[in-house]
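What follows is a single structure, written as structure tokens, with notes after it.
The values are calculated or read from the model by the stated rules, or taken from the named source; none is laboratory data. Since the model is a prediction, treat every value here as computed from it, not as a measurement. Backbone-built Cβ (ideal geometry, glycine too); neighbour counts: all protein chains shown.
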Amino acid sequence: MGTHQSADNGRMTLTQTTPDVPKPAIHAYESLTPDVVLDALASIGLVGDGRLMALSSYENRVYQIHLENSVGKAEASGDLVVAKFYRPDRWTDAQIMEEHAFANELMAAEVPVVGALELHSHTLHHFNGFAFSVSPSRGGRRPELENFEVLEWIGRFLARIHTVGSAKPFVHRPVLDLQTFGWASRAVLLSKNYLPLDMESRWLKAFEVAMQTATAVFESVGDIKNIRLHGDCHPGNILWTPEGLPGAGPHFVDLDDARSGPAVQDLWMLLSGDRPQCLQQLGALVDGYEEFRSFDRRELVLIEPLRTLRLIHYSAWLAQRWHDPIFPINFPWFGSSDYWKGQVDMLEEQTEAMQAAPLVV
């Protein structure tokens with residue numbers, strides 16, 4: 001029996017569950033031992049001194065590593081780096097390199113983004129079947145989003161990200177839309193026994209109604225320009241350096257979910273609390289944003305449909321990674337009837353939220 005607490009920007013469900021999903025199989029990451037990690041870095045001329053710390057990441061395997069050799073220090077601009085080993089079979093090399101190129105464009109425009117280092121003329125490397133990259137290690141704390149000045153500051157930098165992002169499209173990375181996050185997620189969940197028999201019909205009905213509502217909202221907005229986005233701009237992916245210190249302000253990390261979509265996607269995950277609080281937070285973000293770039297307010301009606309798509313996609317994300325041993329350990333409640341009852345309840349709540357008046361600033 002496990003305890004599940006699901007939260008998405010203020011909405012929370014607490015249930016007691018018993019996991020009932022397919023048994024996980026051997027996963028590629030089981031062969032990614034500390035020795036393999038250090039050997040991978042050595043293959044590109046970076047020699048670790050043995051100090052290696054795993055950083056929090058479910059999607060990839062990410063390690064903070066202290067370097068030993070002076071050549072590595074010179075190339076990596078310090079003796080502390082972060083190595084990311086990409087989840088096998090998720091992104092193609094072309095998609096990963098497109099992410100790296102986007103980060104390089106942002107850094108060239110002096111937007112504070114932490115991108116992959118170019119080592120031996122490459123940002124993407126391969127070792128023992130793993131694709132990996134190395135980035136400088138950057139410290140910082142979570143931004144104080146209750147501070148409107150902080151939100152305005154973040155809004156200014158989001159506008160600068162979007163200015164670069166709108167200059168040209170992604171060629172290889174996908175679009176965030178009803179198909180990729182909605183219908184494709186449904187197909188994943190129906191492909192195996194992730195939906196228990198006692199909840200399958202209820203979830204499918206709630207899904208269909210929610211998707212019909214989301215589709216109607218998207219169609220009501222008309223033509224919205226999709227631009228290159230951060231894609232997963234929640235508070236955990238923004239590190240804050242206090243004023244008075246070098247590099248004060250926000251810097252953005254983890255472009256792993258970069259994709260095309262409406263600009264509001266990079267704003268709504270920074271909102272929390274009740275409607276008046278969200279209105280104030282959104283107003284501060286947009287005020288900062290519009291110091292550098294105009295914001296299409298028609299996109300505000302897409303906040304709840306985008307939240308709905310994220311909730312649906314989250315279940316498919318768990319299902320697709322269930323064979324990774326860390327997922328049954330950390331998400332033992334996934335696949336139970338209680339979990340899916342919670343998902344039905346959230347989809348029904350989201351259907352109501354999508355039909356309510358949108359936030360307006």
Out of contact with any Cys (no Cβ under 8 Å at 6 or more places or on another chain), surrounded by fewer than 22 Cβ atoms within 10 Å (Cβ to Cβ), in a helix (DSSP H, G or I) and among the acidic types (D, E), is that true of E349? yes
Of a type in the set (K, R), within 29 Å of R87 (Cβ to Cβ) and not in a helix (DSSP H, G or I) - does that describe any residue in the stretch 291-314? no
Of (1) outside the structural domain of G48 (by TED's automatic domain parsing); (2) touching a residue at least 40 places away in the same chain (Cβ under 8 Å); (3) within 27 Å of A28 (Cβ to Cβ), N128 fails just (1)
Neighbours by Cβ (under 8 Å, 6+ apart or cross-chain): first from the stretch 202-217, in the same structural domain as K341 (by TED's automatic domain parsing); second outside any helix (DSSP H, G or I) and among the aliphatic types (A, V, I, L, M): W203/L195; L204/L195
Condition check for L14: assigned to a strand (DSSP E or B), surrounded by fewer than 18 Cβ atoms within 10 Å (Cβ to Cβ) and at pLDDT 50 or above: no
Determine which single condition F157 fails, assuming it passes every other condition in (1) in the same structural domain as W203 (by TED's automatic domain parsing); (2) touching a residue at least 12 places away in the same chain (Cβ under 8 Å); (3) outside any loop (DSSP other than H, G, I, E, B); (4) more than 19 Å from F252 (Cβ to Cβ). (4)
Residue check, A284 touching a Leu at 6+ places or on another chain (Cβ under 7 Å) and either at pLDDT below 95 or buried (at least 16 other Cβ atoms within 10 Å of the Cβ) (or both): yes
Just a yes or no: is a residue in the stretch 203-215 of a type in the set (S, T, Y), in contact with a helix residue (DSSP H, G or I) (Cβ under 7 Å, 6 or more places away or on another chain) and exposed (fewer than 15 other Cβ atoms within 10 Å of the Cβ)? yes
Looking at the stretch 127-146, which of its residues are surrounded by fewer than 13 Cβ atoms within 10 Å (Cβ to Cβ) and closer than 17 Å to S43 by Cβ? G129
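Residue-by-condition table, conditions (1) surrounded by 16 or more Cβ atoms within 10 Å (Cβ to Cβ); (2) among the charged types (D, E, K, R):
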{"position": "L255", "(1), (2)": "yes, no"}
{"position": "A258", "(1), (2)": "yes, no"}
{"position": "V264", "(1), (2)": "yes, no"}
{"position": "L267", "(1), (2)": "yes, no"}
{"position": "Q277", "(1), (2)": "no, no"}
{"position": "D296", "(1), (2)": "no, yes"}
{"position": "E304", "(1), (2)": "yes, yes"}
{"position": "Q320", "(1), (2)": "yes, no"}
{"position": "I326", "(1), (2)": "no, no"}
